[in-house]
């Protein structure tokens, strides 16, 4: 045991070790049975995920969504069914084709929960008819809108497919429910694939590292156990709160990485301690040293995830909670179940984990020791170059384009955009409410009509749909207001566009606009309405495009708070762990530099398209905003793992003799092996998720993998030890030195580095 360890920590670890030894068999059996019992519940975790949940209720787009449902009966559950003839012999206007379409959708016309079914040839409105047939005449579109939100099996894509009457035509689906279903299905397949790839490879690597089956199985078993427990919790939470479709994969990836890492830390330290003392003393020493490291590492990851709470939206809150849960479960199992296994079969863990240095690494460390200042300058320059592309980041919210090109909903939406120039699966919805009086009064109708004409003149707009487009030409606001009074049935018939409380405009962007240009159109409309408000009207802009824009704006506004919160709490945790004010600041700065470099590499690959083809990704000139947000909250803790492991061993050595240069060398000798092994194992997990079909998960996995490589090489091998060497005894301020073997003054060390360079 380290002679300089705090006496109270030693006493606590001895008591905890004694308790584990007495109850080891019970702990192992109880943990195993609990995980087995939770497997059925964990398998249902993907059933209740949603594709949204990143916006507060106060956002304009959310308010429009709510008003569209309550005022105009427009549920956000709208399906688009594209019909084509597989033989290519029938035109969409042929009687046989039309009859087949009517037969296919007939079951929905009789359902009370279906609000409307629009097909070509069944509506008296010429504009609608034009919208529902492809410009080449080979395809036809049916629009099915539900009167209420899905509940149980009702309203799901599977329900709709099962109720479509079979015909000789091909019928493919798109719409928000289908997009969400595709995200869930593909995300689940990605998760299974990543687990099947990462766990066997990880086990083989652990066999090579530990040269024994039992030591290799422990990290894999811990990771699997923490994942099962968290997925079971996710299945329960998803029934009452919004769990985003990306959360399950992101949390599982995190759980596998930290679970393997924490068990690796414990097993490696136990093998080291076991070489010189009895098993019970080795276990106590392991808990006092590696156990403390695991606690600190877990705390920093949980702190990073807690930053998501500042977004104050359901998806971020559940992601923060579930991410913190998987980390804390992994840490708990590492401090309870792993020591129990170690105490039951200590002979299975006998042996040493090789720490021999390769000649290349020896040369690198030797050069760094002789040229610390040059090392720092070169590393900072390299990290800055890697981070440079982040300055050109073009952040967007996730959407249908993040599905693989083979997804049914994406293919169908692309076909609709190409063949139906007047139709749109993502129109802009504008809700207006009168400041005084009823919407059906003459003055407010005039304002409504004036606003429609104003928006119709804006660039980039295909058409604007409102009550005025469905009325005889020349009808005035005064005449319409009188008609509403004299003909009550007209009020009911007009409900899709106007009620006594509000009116609706549906804006269809030009089909030639890209996704980014459509978002810019939303921003243009909002800016125009803000600079020149409609007199006497309250106007809110919504729709899917506005939802995307609001998500992006909300995340951008809250990001600085997240940054301050995470950095402050991490600083406090590290100060308590290292008893130093300087080491935590330096660790945070190095972590931020590493993250900046990984963000830049991510933009360079996935936004600018370099190596994207090699990775099977699509480069469309954008970066999904959720990726850097999740990467920051995940990496700020994960990136600290390596530094905590290294600095903990360096500090243990320094507490013995008080010489920083010697402590750095000794600490690296003890920590290099476990940091390298941990980095390789984490990289395996992240790369496995980087093979996902979903671009968001692919980018997140690859981005985390890049960050791990940067941390384990540039930061761990060069930058961290070089900065410690330059700072000398100031690394440990205000902790007093433990012996007379002091360090040279920092200025002298810096001068020595310059002379050697």
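The values are calculated or read from the model by the stated rules, or taken from the named source; none is laboratory data. Treat the numbers as computed from the prediction; the structure is a model and nothing was measured. Positions of Cβ are backbone-derived with ideal geometry, glycine not excepted, and every protein chain shown enters the neighbour counts.
For the range 545-572, how many residues meet the condition of being buried (at least 21 other Cβ atoms within 10 Å of the Cβ) and at pLDDT 85 or above?
Step one: of the range 545-572, the residues buried (at least 21 other Cβ atoms within 10 Å of the Cβ) are 545-551, 554-555, 562, 566, 570.
Then keep just the ones that are at pLDDT 85 or above; that gives 545-547, 549-551, 554-555, 562, 566, 570.
So the count comes out to 11.
For every residue, the table says whether it meets (1) touching a strand residue (DSSP E or B) at 6+ places or on another chain (Cβ under 6 Å); (2) modelled with pLDDT of 90 or more; (3) surrounded by fewer than 22 Cβ atoms within 10 Å (Cβ to Cβ).
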residue: 275; (1), (2), (3): no, no, yes
residue: 282; (1), (2), (3): no, yes, no
residue: 286; (1), (2), (3): no, yes, no
residue: 291; (1), (2), (3): no, yes, no
residue: 301; (1), (2), (3): no, no, no
residue: 312; (1), (2), (3): no, no, yes
Does residue 402 meet the test of being modelled with pLDDT under 90, touching a helix residue (DSSP H, G or I) at 6+ places or on another chain (Cβ under 7 Å) and loosely packed, with under 14 Cβ neighbours inside 10 Å? no
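Name the single residue that is surrounded by the fewest Cβ atoms within 10 Å (Cβ to Cβ) among those in the range 454-472 being outside any strand (DSSP E or B) and out of contact with any helix residue (DSSP H, G or I) (no Cβ under 9 Å at 6 or more places or on another chain). Step through it out loud before you land on a result.
Step one: list which residues in the range 454-472 are outside any strand (DSSP E or B), which gives 454-460, 466-472.
After this cut, where a residue has to be out of contact with any helix residue (DSSP H, G or I) (no Cβ under 9 Å at 6 or more places or on another chain) as well, the list is 456-457, 472.
Working: 456: 13, 457: 8, 472: 6.
Only one residue fits best here, namely 472.
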Would you confirm whether any residue within the range 469-482 is under 21 Å from residue 523 (Cβ atoms), under 43 Å from the mean Cα position of the chain (by Cα) and in the same structural domain as residue 503 (by TED's automatic domain parsing)? no
Of all residues in the range 473-497, which are in a loop (DSSP other than H, G, I, E, B) and more than 17 Å from residue 453 (Cβ to Cβ)? 487, 494, 495, 496
Has the range 518-529 got at least one residue that is surrounded by fewer than 20 Cβ atoms within 10 Å (Cβ to Cβ) and more than 32 Å from the chain's Cα centre (by Cα)? yes
Could you please find all residues in the range 314-332 being in contact (Cβ under 8 Å) with a residue 24 or more places away in the chain and surrounded by fewer than 23 Cβ atoms within 10 Å (Cβ to Cβ)? 314, 317, 320, 321, 325, 328, 329
Tell me, yes or no, whether the range 218-229 has at least one residue that is in contact (Cβ under 8 Å) with a residue 24 or more places away in the chain, more than 19 Å from residue 333 (Cα to Cα) and surrounded by 24 or more Cβ atoms within 10 Å (Cβ to Cβ). no
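Provide a single number: the residues in the range 52-74 that are touching a helix residue (DSSP H, G or I) at 6+ places or on another chain (Cβ under 9 Å), in a loop (DSSP other than H, G, I, E, B) and surrounded by fewer than 20 Cβ atoms within 10 Å (Cβ to Cβ). Write out each step before concluding.
Step one: filter the range 52-74 for residues touching a helix residue (DSSP H, G or I) at 6+ places or on another chain (Cβ under 9 Å), giving 52-57, 59-62, 64-65, 74.
Next cut, in a loop (DSSP other than H, G, I, E, B) only: 52-57, 59, 74.
Adding the requirement that they be surrounded by fewer than 20 Cβ atoms within 10 Å (Cβ to Cβ) leaves 56-57.
Looking only at that region, the number is 2.
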So if I check each of 84, 89, 123, 70, which one is outside the structural domain of residue 502 (by TED's automatic domain parsing) and in contact (Cβ under 8 Å) with a residue 12 or more places away in the chain? 84
Write out, first by first residue and then by second, each pair whose Cβ atoms fall under 9 Å of each other, whose residues are 6+ apart or on separate chains, and whose first residue, in the range 704-718, is without any contact (Cβ under 8 Å) to a residue 60 or more places away in the chain and assigned by TED's automatic domain parsing to the domain that holds residue 637 while the second is part of a helix (DSSP H, G or I) and buried (at least 24 other Cβ atoms within 10 Å of the Cβ). 705/598; 705/682; 705/685; 705/686; 705/689; 709/598
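Within the range 455-481, can you find the residues that are farther than 12 Å from residue 508 by Cα and in contact (Cβ under 8 Å) with a residue 60 or more places away in the chain? Walk me through it before giving the result.
We begin by selecting, within the range 455-481, every residue farther than 12 Å from residue 508 by Cα; these are 457, 467-481.
Those that are farther than 12 Å from residue 508 by Cα and in contact (Cβ under 8 Å) with a residue 60 or more places away in the chain: 469, 470.
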Exactly one condition in (1) surrounded by fewer than 19 Cβ atoms within 10 Å (Cβ to Cβ); (2) touching a residue at least 40 places away in the same chain (Cβ under 8 Å); (3) farther than 22 Å from residue 407 by Cα is not met by residue 207; state its number. (2)
Just to verify a result, which residue in the range 150-167, among those that are at pLDDT below 90 and out of contact with any helix residue (DSSP H, G or I) (no Cβ under 8 Å at 6 or more places or on another chain), is surrounded by the fewest Cβ atoms within 10 Å (Cβ to Cβ)? 152
Which condition does residue 577 not pass, out of (1) within 30 Å of residue 727 (Cα to Cα); (2) under 20 Å from the mean Cα position of the chain (by Cα); (3) surrounded by 16 or more Cβ atoms within 10 Å (Cβ to Cβ), if it passes all the others? (2)
Quick one: what pairs do we get from the range 567-582, first residue outside any helix (DSSP H, G or I), second surrounded by fewer than 21 Cβ atoms within 10 Å (Cβ to Cβ), C-beta under 7 Å, 6+ apart or different chains? 579/735; 580/733; 580/735; 581/575; 581/733; 581/734
